[in-house]
Amino acid sequence: MNEGHQFCDSPEWRTIVRDNIIPWAAGEVDLGDDVLEIGPGYGATTDVFAGLLPRLTSVEIDPDLAARLQARYSGTHVEVVLGDATDLAFRDGRFSGAVCFSMLHHVPTPELQDRLFAEASRVLRRDAPIVAVDGLESDGVRAFHEGDTYVPVNPDALPARLEAAGFAQVAVRVGDYGWTALARRA
């Protein structure tokens with residue numbers, strides 16, 4: 001991630017995540033007792049979900065960010081794993097729910113994004129929910145990602161992509177700045 005992403009480690013971003021993004025996206029969704037978080041980054045979402053869930057497993061691909069989160073959550077009910085969400089090292093059907101917040105645009109190709117969806121489906125229990133959130137494409141967001149990976153996800157294409165990955169009951173909502181998707185493992 002480029003230097004601009006240090007904002008994602010700020011108190012301001014953590015407040016936005018806690019007070020606006022997670023309530024808007026996850027609302028009253030019951031994620032269950034063993035939840036997978038894909039791409040926690042600096043951990044703003046991890047901090048919120050850690051306070052809401054009995055068990056959380058966060059998979060982070062960046063070694064520095066993963067190590068930082070591992071140190072922060074050592075000895076807690078949160079396990080932070082260094083790994084690639086397109087090739088998860090978990091058994092089929094392990095998790096009761098999954099969350100993926102504001103990170104899909106960092107996955108370098110649509111094919112790898114679809115592989116991430118398929119892997120999430122594989123490790124979820126039958127009828128388990130996935131909640132995903134990301135921003136809408138814009139010139140400003142593209143400029144913010146200069147020198148970084150930026151592959152925005154078109155929310156209009158999400159239902160077909162999620163269904164192809166093994167999800168059903170797909171609902172996508174679009175707001176002023178982003179989209180959220182809720183789907184269930186078929």
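At the residue level, Asp87 shows approximately 110 square angstrom of accessible surface with a 1.4 angstrom probe and all protein chains present.
Compactness of the range 40-129 was expressed as the Cα radius of gyration divided by 2.2 N^0.38 Å, which yields 1.04. The GluC sites (Glu not before Pro) of the range 4-86 that DSSP puts in a loop, and whose beta carbon has at most 16 other beta carbons within 10 Å, are Glu28. When the P(r) of the range 86-150 is calculated, the portion above 20 Å amounts to 35% of the C-alpha pairs. Paramagnetic label reach from Leu112 (point 7 Å along Cα→Cβ; backbone nitrogen cut-off under 11 Å): within the range 77-92, residues 84-87. Sorting Thr109, Thr57 on solvent-accessible area from highest to lowest, probe radius 1.4 Å, gives Thr109, Thr57.
Based on the Kirkwood approach, the hydrodynamic radius assigned to the range 58-111 is 12.6 Å, with every pair of different Cα atoms included.
Once the Cα-Cα distance is subtracted from the 0.36 nm per residue extended length, the Asp156 to Asp34 segment shows a gain of 41.0 nm. Look at the dipole of the range 1-102 built from charges on Cβ: of Leu56, Leu36, Phe101, the Cα furthest out on the positive end belongs to Leu56. Taking trypsin sites (Lys or Arg not before Pro) as exposed when DSSP calls them loop and at most 11 other C-beta atoms lie within 10 angstrom, the chain has its longest site-free stretch at 1-90. Computed in the context of the full set of protein chains, the accessible area of the chain at 1.4 Å probe radius has 52% of its extent on carbon or sulfur. Short-range pairs are left out: with C-alpha atoms under 8 Å and at least six residues apart, the relative contact order of the chain is 20 percent. Label positions at Asp87 and Thr15, each projected 7 Å from the Cα along the C-beta direction, are separated by 4.2 nm.
Stokes-Einstein diffusion of the chain at 25 °C, 0.890 mPa s viscosity, Kirkwood radius from Cα pairs, rounded to a whole number: 150 µm²/s.
Each listed q (0.16, 0.23, 0.25 Å⁻¹) maps to a log10 I(q)/I(0) for the range 100-186, found by the Debye formula over equal Cα scatterers with no solvent: -0.59, -1.12, -1.28. At 25 °C and a viscosity of 0.890 mPa s, what translational diffusion coefficient does Stokes-Einstein give for the range 1-73, taking Rh as the Kirkwood radius over Cα pairs? Give it in µm²/s as a whole number. It comes out at roughly 190 µm²/s. Annotation note: GluC sites (Glu not before Pro) in the range 97-186 located in DSSP loop regions with a Cβ neighbour count of at most 15 within 10 Å are Glu137, Glu146.
For the chain, a Gaussian network of Cα nodes joined below 10 Å ranks Val123, Val133, Val29 by mean-square fluctuation, and the top entry is Val29.
The values are calculated or read from the model by the stated rules, or taken from the named source; none is laboratory data. A quick note: this is a predicted structure, and the numbers were derived from the prediction, not measured. Cβ: placed from backbone, ideal geometry, glycine included. Neighbour counts: every protein chain shown. Quick note on the areas: whole protein, heavy atoms, side chains included, nothing else; ligands and nucleic acids left out. Shrake-Rupley method; radii C 1.70, N 1.55, O 1.52, S 1.80 Å.
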